[in-house]
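Beneath this line is the structure, given in structure tokens, with notes to follow.
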Amino acid sequence: MTSRPVAPVIPGSSPGRRRQGQPGASRPMPLASPPGRPDVVYGFGRIDASGRVADRVTMAALGWRGGDRLTVTAEAGVMIARRDPGGMVTVPSRPYIVIPAPLRRRCGLRPGDHVLLAASPGQDTLAAYSFAVVDQALHAHAPVPGEGRRP
């Protein structure tokens with residue numbers, strides 16, 4: 001065989017989409033708020049072993065900063081945090097909140113669980129819903145396609 005192999009064709013990135021030398025770096029995603037409800041910003045988080053939950057978009061929407069105090073309450077799969085100068089939980093310097101262990105137990109939240117986060121900047125609150133609560137709400141309001149049918 002005397003011919004040379006053909007070089008692979010790799011499409012270049014569009015100008016301005018990525019910064020050179022930083023793979024994956026691009027413009028930030030827009031805030032996730034549904035049409036008609038700009039007062040709520042949604043995100044997802046995962047609870048770590050220490051009860052930390054992080055989502056930059058929801059935290060940025062609230063404007064919470066390190067040192068802010070929060071009051072955190074919980075019941076049956078839902079945790080609610082609100083900024084309160086007399087709160088017992090302090091926002092750390094990084095964009096996450098810590099759900100105290102007694103509240104995690106009350107909510108039934110365990111390390112590794114994913115939660116739906118709903119930030120309400122106008123009310124200065126962040127709610128974390130367990131996926132079990134989200135699943136119940138979905139089943140209550142919209143039947144799952146194919147569920148209940150038999151072939």
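Here, each number is a calculation from the coordinates, and none is a lab measurement. In this text, all values refer to a predicted model and were calculated from it rather than measured experimentally. Here the Cβ positions follow ideal geometry from the backbone for every residue, glycine too, while neighbour counts run over all protein chains shown.
Observations
- Selection count, segment 114-124, where residues are farther than 15 Å from residue 45 by Cβ and either out of contact with any Leu (no Cβ under 8 Å at 6 or more places or on another chain) or of a type in the set (Phe, Trp, Tyr) (or both): 2
- Scope segment 43-76; condition within 11 Å of the chain's Cα centre (by Cα), closer than 25 Å to residue 136 by Cα, outside any loop (DSSP other than H, G, I, E, B) and not aliphatic (A, V, I, L, M); matching residues: 43, 44, 45, 46, 58
- Filtered residues of segment 77-102 (kept if in contact (Cβ under 8 Å) with a residue 40 or more places away in the chain and closer than 15 Å to residue 117 by Cβ): 77, 78, 79, 80, 81, 82, 95, 96, 97, 98, 99
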